[in-house]
Amino acid sequence: MTTALSLPEPLIKPPLDPGFRPAVSATHAFHQKVSGEGVPLAMALEREDGQVSRFETLIFPDNHPLAGQNFPHIERLLKFLLWQRGAHTVYIGGSPRLAQQLANTYGMNGKRHFDAQFLGEKVYEQPFRVIACSLEEVPLARETRKSLGRHLEGCRIGFDLGASDRKVSAVVNGVAVYSEEVIWEPRKHSDPEYHYREILTALKTAASKMPHVDAIGGSAAGIYIHNRPRVASLFRSVPQERYGEIHTLFERLQQEMGVPLEVINDGDVTALAGSMSIGENAVLGIALGSSEAAGYVDAQGAITGWLNELAFAPIDYSPSAPYEEWSGDQGCGATYLSQQCVFRLAPQVGIDLPLNIPDAERLAQAQKHLHEGHEGAVRIWQTMGVYLGYALAHYADFYEVKHVLILGRCTSGEGGNLLLEGVRTVWQAEFPHLLEQIQVHLPDEKIRRVGQSVAAASLPELRKENQA
């Protein structure tokens, strides 16, 4: 039986990566082959509070000559769904053989053990499981949308916690009347009280600029469930034995301030800000920065509660695809849609970026070459543009999207235009329907009109007593 997936060459090849084999092309090729002779497979991904995402597809029957392609196709598909939606338990219905293969892959000695341990123990705080069942036994979808945001009435505080600075704004009826940025170094501090004091100081500073405070909303990098940080680089130096204090950090801040408080992933707040500014929903935000960050507002204007950690979702199926250093997997988004891609490609075009300076300065040096018209630098961003075009086409198979916001340091200056040009070129050649369905934006003044701080401040709904 054939065991290797068909990996079509892209019509538009990245200038610096001839071996690139887009995930979207491989997936579409599989669907075309299985259509008309496939059998159903259903997957259900269960996460916190009994929420379930369900995904249905077709695979080849076990006795089909191409049945060997089922596992590599479904393994990559499940990997994507896990980092898009999140799960601690996966139900596989319709193929006991595939279920066993996936259980082995995500088991203690399997290739995807990192993903299983990370999602199970760290994010959802329970063992990760793959369960074989019949099609009829696969749980039905049970999604709870979070109608957070768009609440602009009253006196609110919005904050954004970054790796190098913390931002806070006092927002009155949707207008920021005070904002400040303060340099801090959260990743270097192991004492949870440092984080508590710093954030509390920011909140009280903003509170002093208004007659009272009705609600507080915030954004930060990482995974947050019910206001509890599960995994966040801001707290990487906090020892495990004191991480319980980080879990309750925002609960303590809410008790101290005495008003509703919501904190969520910064990518989702960015997508929310874009949705509020554009005046439409179904918005996917992609930030090309130190890594790839993403956020999503669905067609109903709600935040899904999905992980949207697309940095670890595969977009390149080439056997020679680079490895993502953290997860140890190949072809993941972070290696293609972030400054990591710039650093990876720079040596190919003769650009020397010193290793003994901060990454932000290394990126700035590469961007200086781009601004000066360096041919090699131009080819780097052209390559990223092609990556982005195929990645967004892949994402469009899993998200209902009308608008995509492209943000982050890699989009600055001419780089942003080259990225958009790459997307248009790819879509014109391979996915012309997407040109009609999706608008891709770089943030302009219209989108910036509702900033991150105002969107964050709008997260909590006011209590009735606060509205009286």
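Pairing residues of segment 208-220 that are more than 18 Å from Gln255 (Cα to Cα) with residues that are hydroxyl-bearing (Ser, Thr, Tyr) and open to solvent by 10 Å² or more (accessible area, probe 1.4 Å), at Cβ distances under 6 Å and at least 6 apart in sequence or on separate chains, gives Lys209/Tyr178. Once segment 18-65 is narrowed to residues that are in contact (Cβ under 8 Å) with a residue 40 or more places away in the chain and among the charged types (D, E, K, R), the residue that is least open to solvent (accessible area, probe 1.4 Å) is Arg47.
If I ask for residues that are in contact with a helix residue (DSSP H, G or I) (Cβ under 9 Å, 6 or more places away or on another chain) and either more than 18 Å from Val263 (Cα to Cα) or loosely packed, with under 13 Cβ neighbours inside 10 Å (or both), which ones from segment 161-173 would you list? Within segment 161-173, just Ser164 meets the criteria.
Against the list (1) of a type in the set (D, E, K, R); (2) within 22 Å of Val52 (Cβ to Cβ); (3) surrounded by fewer than 22 Cβ atoms within 10 Å (Cβ to Cβ); (4) in contact (Cβ under 8 Å) with a residue 60 or more places away in the chain, the condition Glu280 fails is (2). At least 2 residues being within 30 Å of Ala396 (Cβ to Cβ) is the threshold, and among the helices (runs of 4 or more DSSP H) wholly inside segment 177-285 those reaching it are 266-278.
When the criteria are applied in full, Tyr317 fails the requirement of being of a type outside the set (A, V, I, L, M), farther than 15 Å from Leu288 by Cα, open to solvent by 10 Å² or more (accessible area, probe 1.4 Å) and in contact with a strand residue (DSSP E or B) (Cβ under 7 Å, 6 or more places away or on another chain).
When each of Ala87, Ala163 is tested for being assigned to a loop (DSSP other than H, G, I, E, B), in contact with an Asp or Glu (Cβ under 7 Å, 6 or more places away or on another chain) and of a type in the set (A, V, I, L, M, F, W, C), the lone residue that passes is Ala87. For segment 48-68, a tally of residues being over 16 Å from Leu5 (Cα atoms) and of a type in the set (A, V, I, L, M) returns 1.
Looking across segment 147-157 at every residue that is at negative phi and in contact with a helix residue (DSSP H, G or I) (Cβ under 9 Å, 6 or more places away or on another chain), the one that is surrounded by the fewest Cβ atoms within 10 Å (Cβ to Cβ) is identified as Glu153. Looking across segment 154-166, the residues that are under 21 Å from the mean Cα position of the chain (by Cα) and in contact (Cβ under 8 Å) with a residue 40 or more places away in the chain come down to Phe159, Asp160, Leu161, Gly162, Ala163. The C-beta contact set for segment 170-182 (first residue more than 10 Å from Ala457 (Cβ to Cβ) and free of Cβ contacts under 8 Å to residues at least 60 places away in the same chain, second residue open to solvent by 80 Å² or more (accessible area, probe 1.4 Å) and outside any strand (DSSP E or B), distance under 8 angstrom, 6+ apart or interchain) comprises Val177/Lys209; Tyr178/Lys209. Evaluation of Pro15 against the conditions (1) part of a loop (DSSP other than H, G, I, E, B); (2) in contact with a Phe, Trp or Tyr (Cβ under 9 Å, 6 or more places away or on another chain); (3) open to solvent by 50 Å² or more (accessible area, probe 1.4 Å); (4) modelled with pLDDT of 95 or more shows that the sole unmet condition is (2). Screening segment 394-421 for residues that are open to solvent by 10 Å² or more (accessible area, probe 1.4 Å) and assigned to a helix (DSSP H, G or I) and picking the one that is farthest from Glu56 (Cα to Cα) gives Glu414. When Glu121 is tested against (1) surrounded by fewer than 16 Cβ atoms within 10 Å (Cβ to Cβ); (2) assigned to a loop (DSSP other than H, G, I, E, B), just one condition goes unmet, and that condition is (2).
Working carefully through the options Glu309, Glu292, Glu324, Glu372, find the one that is open to solvent by 40 Å² or more (accessible area, probe 1.4 Å) and not hydrophobic (A, V, I, L, M, F, W, C). Give the derivation first.
Numbers: Glu309 fails: open to solvent by 40 Å² or more (accessible area, probe 1.4 Å); Glu292 fails: open to solvent by 40 Å² or more (accessible area, probe 1.4 Å); Glu324 fails: open to solvent by 40 Å² or more (accessible area, probe 1.4 Å).
None of the other options fit; the residue is Glu372.
Confirm whether Lys188 is open to solvent by 20 Å² or more (accessible area, probe 1.4 Å) and more than 20 Å from Ile246 (Cβ to Cβ).
Values: open to solvent by 20 Å² or more (accessible area, probe 1.4 Å): yes; more than 20 Å from Ile246 (Cβ to Cβ): no.
Considered against the rule, which asks whether it is open to solvent by 20 Å² or more (accessible area, probe 1.4 Å) and more than 20 Å from Ile246 (Cβ to Cβ), Lys188 comes out as no.
Of all residue pairs spaced 6 or more apart or on separate chains, those with beta-carbon atoms under 6 Å, a first member in segment 311-332 that is closer than 23 Å to Phe30 by Cβ and a second member that is of a type in the set (Asp, Glu) and outside any helix (DSSP H, G or I) are Gly331/Asp316; Cys332/Glu324. Only a single item in (1) within 14 Å of Leu45 (Cα to Cα); (2) of a type outside the set (A, V, I, L, M, F, W, C); (3) free of Cβ contacts under 8 Å to residues at least 40 places away in the same chain is not met by Pro96, and it is number (1). Would you call Ile351 more than 24 Å from the chain's Cα centre (by Cα), modelled with pLDDT of 95 or more and open to solvent by less than 50 Å² (accessible area, probe 1.4 Å)? When the stated conditions are applied, Ile351 passes them. Would you check if Pro127 is touching a strand residue (DSSP E or B) at 6+ places or on another chain (Cβ under 7 Å) and in a loop (DSSP other than H, G, I, E, B)? No, not satisfied.
The values are calculated or read from the model by the stated rules, or taken from the named source; none is laboratory data. Fair warning: this is a prediction, and the values are worked out from it, not measured in the lab. Neighbour counts run over all protein chains shown; Cβ positions are idealised from the backbone, glycine included. Calculation scope for accessible area: heavy atoms of the full protein, side chains included, ligands and nucleic acids excluded. Shrake-Rupley method; radii C 1.70, N 1.55, O 1.52, S 1.80 Å.
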